[in-house]
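Enquirer: One structure coming up, written as structure tokens, with questions to follow.
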Amino acid sequence: ISSMRLCYFICLLSLALSVLAAGRCSSSYIDASSGSECVQPCDGSGALYLIEFDDLNISPYPLSQSGETELSLRFRSHDNINGFGVEFKLESSPFFFLNQNIFIEDFCAQYDLPSEQCNLPKQDTWTEISFPFTIPSGPLVFPGTYCGRATFFDLSGNLLSCLGFHFTITA
């Protein structure tokens, strides 16, 4: 009987820790109810970064596993950028075991992208882009709220930009 109580205690402790861990996200202040508000520069305005992002919008929103979604945004670069890396931190999700940090040192090499897609010339004017994407379905993506940040670095490790996110995925 005591081993059964210990098992229950461990299960309850794990559940309590997962609830506490799920609530800790550096981007939890971001409005998760709007596709035009759910992704924001980490510093508020983005003005402190070499690459600035503005007018980010996800449509349709909330994100769904059953269809194609479009991300549109504006950006400008205050320096010539030749390649970049990204650190992706999923700090809060429907289940604690989904939370993880992923570091990709050279994004373009990792995904075999042509160099012209990975070089940003210095430009003071805003450039608008949009691209479609699909949320993968299956056992690794669960409906719910996800929160975290993506930090971008040049190939020497210098900070380029940071985006916080707090979005919802539906079934």
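Taken together, the values in this text are just the output of simple stated rules run on the coordinates, not laboratory data. All values reported here derive from a predicted model rather than from experimental measurement.
Enquirer: Name the long-range amide H neighbours of L56: under 5 Å, sequence gap of 5 or more, or other chain; modelled H, no Pro or chain starts.
Expert: Long-range HN contacts for L56: R74.
Enquirer: Long-range amide H contacts for E91: which residues qualify at under 5 Å (H placed 1.01 Å from N, peptide plane, sequence gap of 5 or more or a different chain)?
Expert: C147, G148, R149
Enquirer: Which distance in Å, rounded to a whole number, links the C-alpha centroids of the range 24-58 and the range 67-146?
Expert: Rounded to whole Å, the Cα centres lie 13 Å apart.
Enquirer: Under 5 Å between amide hydrogens, which residues at least 5 positions from L63 or on another chain qualify, with H placed 1.01 Å from N in the peptide plane?
Expert: T168, T170
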